[in-house]
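*Asks:* Sharing a structure, written as structure tokens. Questions coming.
The values are calculated or read from the model by the stated rules, or taken from the named source; none is laboratory data. Owing to the predicted nature of the structure, the values given are computational and were not obtained by experimental measurement. Please note: Cβ atoms are built from the backbone with ideal geometry, for glycine as well, and neighbour counts cover all protein chains shown.
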Amino acid sequence: MRVNETFLSLQGEGHYTGTPAFFLRLSGCNLQCPFCDTSHQTFMEMSEEAIVVEASRHESRHIVITGGEPALQLTQSLIDQLHEAGFFIQVETNGTMPLPQGIDWVTCSPKGEVVIPVDELKVLYHGEGTDLSIAERLQAKEYRLQPLDTGDEMRNRIILRDTIAYVLQHPKWLLSLQTHKMLGIK
């Protein structure tokens, strides 16, 4: 598999915020989102067995598989091996491609037609022009709005204010913050 990076940290977003987790960031994506913070040009090749060994070196049995788009590479075999090793598997996806069976929690940040069932929707909110129509049609256990990080501190404050105002007016949505960035961790 083409792996962008692996690391141990705290889940910084969504339902499992604060949970110690091993992160497996796969390289490659089927979309080209202008705000993506992942470089897909660099990667290392890792076998599924090597991934399970690396993840198992840590006490946490929560793994977050992200990307890029994990569905491009994620296999049923890896899911099965991780479960056999005792892992709770969370996948962060754009939802445009099928995933293997048995994933414990699917977080979807929809960027087009979503073709999979999801547990948690995470929409990056950038203000009044944010298109929530796709997300509003989807069924999920949780709906989260996350202020888009533009890299501009003043613009980010405005987006955060607008996100909070939207959530207050639409209580179906919960606020999701990138707490890992606030804490200065990966």
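*Asks:* Look through Leu24, Leu99, Leu74 and report the one residue that is over 27 Å from Thr163 (Cα atoms), assigned to a loop (DSSP other than H, G, I, E, B) and in contact with a Ser or Thr (Cβ under 7 Å, 6 or more places away or on another chain).
*Replies:* From the options Leu24, Leu99, Leu74, the qualifying one is Leu99.
*Asks:* Still on this model: What number of residues within the stretch 102-114 are assigned to a loop (DSSP other than H, G, I, E, B) and under 21 Å from Ser77 (Cα atoms)?
*Replies:* Count: 3.
*Asks:* Among the candidates Gln90, Gln101, Gln81, single out the residue that is surrounded by 16 or more Cβ atoms within 10 Å (Cβ to Cβ), at pLDDT 95 or above and in contact with a helix residue (DSSP H, G or I) (Cβ under 7 Å, 6 or more places away or on another chain).
*Replies:* Result of the check over Gln90, Gln101, Gln81: Gln81.
*Asks:* Going through the stretch 1-21 one residue at a time, which ones are part of a loop (DSSP other than H, G, I, E, B) and surrounded by 18 or more Cβ atoms within 10 Å (Cβ to Cβ)?
*Replies:* Of everything in the stretch 1-21, those that are part of a loop (DSSP other than H, G, I, E, B) and surrounded by 18 or more Cβ atoms within 10 Å (Cβ to Cβ) turn out to be Met1, Gln11, Gly12, Glu13, Gly14, Tyr16.
*Asks:* If you check every pair at least six apart or on different chains, which have Cβ atoms under 7 Å apart with a residue in the stretch 101-119 that is in contact (Cβ under 8 Å) with a residue 12 or more places away in the chain and within 17 Å of Asn30 (Cβ to Cβ) first and a residue that is outside any loop (DSSP other than H, G, I, E, B) and among the hydroxyl-bearing types (Ser, Thr, Tyr) second?
*Replies:* Final answer for the pair search is Val106/Thr93; Cys108/Thr93.
*Asks:* Let me ask something additional. Go through Thr17, Thr66, Thr42 for me and flag whichever is out of contact with any strand residue (DSSP E or B) (no Cβ under 6 Å at 6 or more places or on another chain) and closer than 23 Å to Val123 by Cβ.
*Replies:* Of the residues listed, the single one that is out of contact with any strand residue (DSSP E or B) (no Cβ under 6 Å at 6 or more places or on another chain) and closer than 23 Å to Val123 by Cβ is Thr17.
*Asks:* Right, here's the next one. When you look at Gln178, is it touching an Asp or Glu at 6+ places or on another chain (Cβ under 7 Å) and either surrounded by fewer than 16 Cβ atoms within 10 Å (Cβ to Cβ) or modelled with pLDDT under 95 (or both), yes or no?
*Replies:* Considered against the rule, which asks whether it is touching an Asp or Glu at 6+ places or on another chain (Cβ under 7 Å) and either surrounded by fewer than 16 Cβ atoms within 10 Å (Cβ to Cβ) or modelled with pLDDT under 95 (or both), Gln178 comes out as yes.
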